[in-house]
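Colleague: Below is one structure. I have some questions about it.
The numbers here are math on the coordinates, done by the rules we state, and not lab data. As the structure is a prediction and not an experimental result, all values here were calculated from the model. With ideal geometry, Cβ positions are generated from the backbone for all residues, glycine too; neighbour counts draw on all protein chains shown.
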Amino acid sequence: MSSISPPYPYPVTNPDLIKAHSLIKHFEGGYFAQTVGLDSVLPTSPTPTSTHVPKSAALRGREQTASGSATEVLTPAPTAEIQGSERRTDATQIYYLLTPESYRGRMHMNLHSTFHLHHSGRALYTLIKPPSSPSETPTIHRVILGPDVTQGEVTQLFVPGGWWKASEIPDEDLLLLDAPDAKEAKLNERIGCLISEVVVPGWNPDQHQFIDEDKLKTMWGGKAGWDQYVKYIKAPEGLEYPDK
């Protein structure tokens, strides 16, 4: 019997996670499923005020409706859309999974803030804040989203809008797959990272962009250092990601 095991608790295998959460391939890499879309609108006919639940002054008359698999734990899916004006998406939530078969995401920027919430496994995040003036250089952070807070890993990661980011399974975890008994142990099914991401305001394609070589060079202003991030521009060799 194999003695090799994943470097962290990983109670549900990657195939079971993909099946249970109906995950599909993400255009950034990895797998995902949107589980909540939270929309709001200024209603044509406001709903009556509840005796037990006052209306929030912060919403300024807007009414919210949520849809998606995670909302149906408490309430059934809405049967009709609230009629009104100034419709917008206040937040979206997804599951996102990295596996050895899709172990690195392409570097991208959301203009909206993103909350990352850890579930299992671990991932290394490379985060780049663009310089605010030509005389400055980019600010770089590397953060591991994982379970071991005693080793500096974090279980929550907030990324403001306007930062470049890419996530990947750490190299030291992938190297375990080269062990002689890794295949027998089906280790590739128990190495990865499952998180939830919440984007506020909600995700939409207009607030998302991918990094490219020109953008990297421009951030470094002709100085050295940008080339170490070229690997995040495209999918790793041998992998293909869906179109956006």
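Colleague: Give me the percent relative contact order of the range 33-75, please, defined on Cα pairs under 8 angstrom at least 6 residues apart.
Modeller: Computed value for the range 33-75: 61 percent relative contact order.
Colleague: Before rounding to the nearest 500, sum -39500 (n - 2.57) across all DSSP H runs of length at least 4 in the chain and divide by the residue total; then give [θ] at 222 nm in deg cm²/dmol. All intermediate terms of the calculation are to be shown ahead of the outcome.
Modeller: Details: 3 runs with 19 residues, N = 244.
Value at 222 nm, helices only, nearest 500: -2000 deg cm²/dmol.
Colleague: Taking a 24 Å limit on the Cα-Cα distance, which of the listed pairs K25/K217; K25/K129; K25/K165; K129/K215 fall beyond it?
Modeller: Cα-Cα > 24 Å for K25/K217; K25/K129; rest within.
Colleague: May I pose another question? Can you compute log10 of I(q)/I(0) for the range 29-105 with the Debye formula, treating each Cα as one identical point scatterer, at q = 0.15, 0.21, 0.22 Å⁻¹?
Modeller: -0.65, -1.01, -1.07
Colleague: Only four residue types carry charge here, +1 at the Cβ of Lys and Arg and -1 at the Cβ of Asp and Glu. Report the dipole size of the range 1-130 about the Cα centre in Debye, rounded to the nearest 20.
Modeller: Roughly 360 debye, rounded to the nearest 20.
Colleague: Amide H to amide H, which residues 5 or more places from D90 or on other chains are under 5 Å from it, using H placed in the peptide plane?
Modeller: HN-HN under 5 Å from D90: L38, D39, S40, G202.
Colleague: How many percent of the alpha carbon pairs in the chain exceed a separation of 26 Å?
Modeller: 48
Colleague: On to the next question. Would you kindly state how much longer the chain becomes between T89 and Q151 on full extension, computed as 0.36 nm times their sequence separation minus their alpha carbon distance, in nm to one decimal?
Modeller: Working it through step by step, the gained length comes to 18.6 nm.
Colleague: Using the scaling law 2.2 N^0.38 Å as the reference, what is the normalised Cα Rg of the range 155-208?
Modeller: This ratio for the range 155-208 stands at 1.63.
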